[in-house]
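Read-outs throughout are calculated quantities, based only on the coordinates presented, and are distinct from any laboratory measurement. All values derive from a computational prediction rather than experimental measurement. Positions of Cβ are generated from backbone atoms using ideal geometry, with glycine treated the same way; all protein chains shown enter the neighbour counts.
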């Protein structure tokens with residue numbers, strides 16, 4: 001019988017406050033509530049309440065990693081966020097080139113766009129919120145229509161990733177890229193009308209306010225440009241001057257904000273710990289400063305030409321002045337304007353150390369009133385500042401301890417909230433004592449610390465080791481502790497309750513648990529891992545010389561030496577029955593050993609990088625492993641097979657822990673996330689898992705082969721390299737598994753529906769022939785297809801139903817991969833469907849879109865066909881469609897006129913105009929009317 005296992009799925013993600021994307025400020029809808037900060041949290045988006053510091057919600061899409069229908073590869077990380085306040089839509093760009101449009105009210109995905117080959121670097125909505133413009137690392141800019149849910153066109157001209165986009169209406173677009181160029185595009189003609197060398201090196205960001213354009217270079221330069229779109233191409237952008245920032249690092253983001261339609265500020269976020277805020281001078285201030293400067297220069301006796309030259313050189317100082325510099329304790333990842341009033345500017349800042357800070361800059365008129373911005377709020381409790389290097393789960397499975405460099409955090413597993421935070425050294429190992437009220441922690445400096453969770457205190461600190469404590473373990477009764485250190489010693493400790501005198505008293509004592517150093521075992525090499533067997537008889541010690549030594553715990557006598565790894569063993573675990581020992585090493589192998597004779601049962605090439613930790617599942621020979629290749633794997637220790645791959649972490653997985661009831665696994669990674677995996681009711685069959693993986697691999701290979709393109713693309717590429725075509729506009733196409741599956745469904749529907757149509761046509765012909773001759777038996781009506789009977793639809797309606805179900809953004813990609821024989825069949829279908837008034841009445845736009853696209857994409861093949869019937873058929877479709885479109889236009893015109901008439905009638909009946917003689921002003925003879933409306 002085939003063995004089955006329980007499936008593990010991701011239950012929750014802890015510890016991620018913000019990841020690598022930008023952050024957004026969303027103002028509150030009602031006055032009393034605080035605003036929210038949206039931050040990218042790896043594959044999710046987190047919504048934080050800035051005042052309470054609580055996680056308000058998480059936007060996550062798709063199946064949880066590990067689920068039956070989830071991908072076996074890791075989910076794509078969110079790379080860029082953009083919010084449109086009027087429509088309440090959030091666009092999220094991901095590292096794989098996908099764009100998802102979220103509705104923030106329902107927290108659901110409205111549409112998905114797939115047109116880029118690599119990570120999204122820039123997203124911009126137009127002012128109406130109906131179009132989205134995206135830029136990517138693949139150097140393409142794509143314009144998306146959010147109403148039609150399609151990509152309109154792709155602008156190709158830049159040679160490196162896009163760093164800035166600005167658009168005005170549906171007419172003009174300005175883009176900057178790391179290739180150092182700034183380009184002006186005319187969106188009506190879809191052409192690049194102007195290109196300037198923005199900076200000598202890379203151009204990292206773009207900001208536009210009215211007629212002022214600011215770009216930032218890879219060093220401390222800010223370049224100012226004057227924008228006039230009314231000018232002839234070639235004179236729209238004019239370079240006006242260069243300003244040098246305080247920071248020598250590149251400016252990675254520029255964002256403008258206008259306060260009360262009078263004063264404008266902008267910040268430049270640098271690639272270090274600073275953000276510089278600038279203020280734009282008002283037109284009055286500028287004219288005053290110009291007159292002052294001109295007067296001073298005339299007094300100096302300069303000629304008019306010199307004066308003009310001097311004024312143009314100091315353009316930057318006239319237009320703007322440095323306002324204040326925001327300095328963070330950590331490197332800044334992203335900055336966003338928050339609440340801005342006439343007395344204060346507020347900014348939301350996310351840092352590289354997993355925090356969200358909220359700063360305020362109070363100001364009066366032109367200058368800030370404080371030396372530096374004040375930090376009002378900070379969200380930092382919900383995550384660690386540095387990588388989690390040690391984790392442990394309490395016996396009852398209710399608490400989780402995570403330790404990093406500087407902090408130990410205790411989490412409630414049920415509510416996923418952090419309930420305690422302790423300061424500690426650089427933690428490398430930690431363990432709960434039985435009962436779950438005490439945690440013992442080993443640090444890199446050799447300190448051993450004991451924490452009490454109930455009183456939130458550090459009970460004791462012991463420093464016997466002189467090197468890093470890489471590993472520690474506790475006996476099953478919880479009375480003894482073993483620590484292994486880089487100082488080549490294994491120390492044995494005992495827990496004892498000691499009566500301690502209460503400070504300020506003479507005879508009052510309080511019991512206190514303390515650690516007492518018992519004995520020390522000295523070895524020849526640094527110790528990397530220690531493990532006590534569950535029966536408390538043996539102690540396994542991993543050394544830097546790639547071996548594992550097994551000792552008797554009570555007598556400390558040597559028992560076995562396990563050698564075979566090519567690199568040091570990083571982790572050891574012993575099974576519940578003390579019969580098996582597993583070791584994981586930096587040589588990417590896991591070895592399973594018998595503890596009777598020290599023989600190696602099996603050596604598994606388990607991961608593609610160093611294996612950091614292995615853990616047996618309690619009461620089983622199955623085990624989990626985690627590695628620097630970002631994966632957590634679940635193994636069968638008896639059959640030596642991989643049961644399940646858990647791919648969710650974006651970076652190296654440092655450590656993992658398994659709960660005592662074997663239903664929960666927790667893993668911690670370099671991406672700051674602590675992921676909780678829970679056992680589900682679903683079952684895993686090893687064969688099925690392997691099949692799924694091979695299917696995914698095949699699908700990926702298929703997509704890659706489709707993406708490589710055809711010979712025309714290669715020819716165009718060669719021509720580009722020769723210096724032929726540089727700017728081009730293309731359609732937005734990218735084959736995905738969804739579009740291929742949609743194409744397959746359409747092929748199946750055409751096969752089924754058109755064969756049914758052909759049968760009915762043959763039956764009609766036979767009937768006509770029989771009615772003419774009246775000889776022989778009457779031809780029987782063919783039996784309809786069982787699927788059509790079940791859905792109660794005609795063949796034409798069935799095919800239309802399948803077409804409707806294909807997402808608009810995937811429709812063209814699905815039609816693109818149709819074989820030419822099916823294109824001819826589809827034309828035949830359209831010829832038939834145009835006769836059906838009910839279908840045409842409701843689905844005319846879809847029929848037109850399908851027809852135009854298949855004609856456009858297959859025009860060469862259709863043109864080369866020597867089939868007269870085909871030409872007649874296309875001509876017939878054209879004439880029928882024209883009449884259908886005309887009748888649709890007539891209906892729309894009639895309806896519009898009808899609505900106008902109804903509006904006019906309403907105004908006549910319900911609005912009464914009264915003219916007051918008094919309101920007639922002497923200056924003009926206009927009469928002001930007071931309108932009184934009756935409300936229904």
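Computed extension length for residue 699-residue 190: 179.8 nm, one decimal, from 0.36 nm per residue of separation with the Cα-Cα distance subtracted.
Based on the alpha-carbon gyration tensor of segment 26-92 and its eigenvalue square roots a ≥ b ≥ c, which shape applies: rounded if a/c is under 1.5, prolate if not and a/b is larger than b/c, or oblate? The partial results should precede the final answer.
Working: a/c = 2.78, a/b = 2.01, b/c = 1.39.
The shape class here is prolate.
Comparing Cα centroids, segment 291-366 and segment 743-819 end up 69 angstrom apart. Of 69, 671, the sequence from fewest to most neighbouring Cβ atoms within 10 angstrom is 69, 671. The angle between the Cα long axis of helix 820-833 and the main principal axis of the chain comes to about 50°, on a 0 to 90 degree scale.
Working note: 222 nm ellipticity from helices only, DSSP H runs with n ≥ 4, each -39,500 (n - 2.57), summed and divided by the residues of the chain, gives -7500 deg cm²/dmol to the nearest 500.
Using only alpha carbon pairs under 8 Å that are at least six residues apart, calculate the relative contact order of segment 738-890 and give it in whole percent. Please list the in-between numbers first.
Numbers: 93 pairs, mean separation 42.4, N = 153.
Relative contact order of segment 738-890: 28 percent.
Got the relative contact order for segment 456-509 handy, in percent, Cα pairs under 8 Å and 6 or more residues apart? Reported as a whole number, the value is 23 percent. For the chain, the longest principal axis of the Cα atoms and the long axis of helix 868-910 meet at an angle of about 90 degrees. Which of rounded, prolate, oblate describes the chain, given a ≥ b ≥ c as roots of the alpha-carbon gyration tensor eigenvalues and a/c under 1.5 marking rounded, otherwise prolate only if a/b is larger than b/c? Oblate. Pairs of Cα atoms nearer than 8 Å and 6+ residues apart set the relative contact order; for segment 523-647 it is 15 percent.
Shape of segment 523-647 from its Cα gyration tensor (a ≥ b ≥ c, root eigenvalues): rounded if a/c is under 1.5, otherwise prolate when a/b > b/c, or oblate? Verdict is oblate for segment 523-647. Comparing Cα centroids, segment 650-701 and segment 490-514 end up 44 angstrom apart. The ranking of 112, 188, 579 from fewest to most other beta carbons within 10 Å of each one's beta carbon is 188, 579, 112.
Ranked by how many other Cβ atoms sit within 10 Å of their own Cβ, fewest first, the residues 494, 797 fall in the order 494, 797. Against the chain, whose longest principal axis comes from its Cα atoms, helix 304-313 is set at around 50 degrees.
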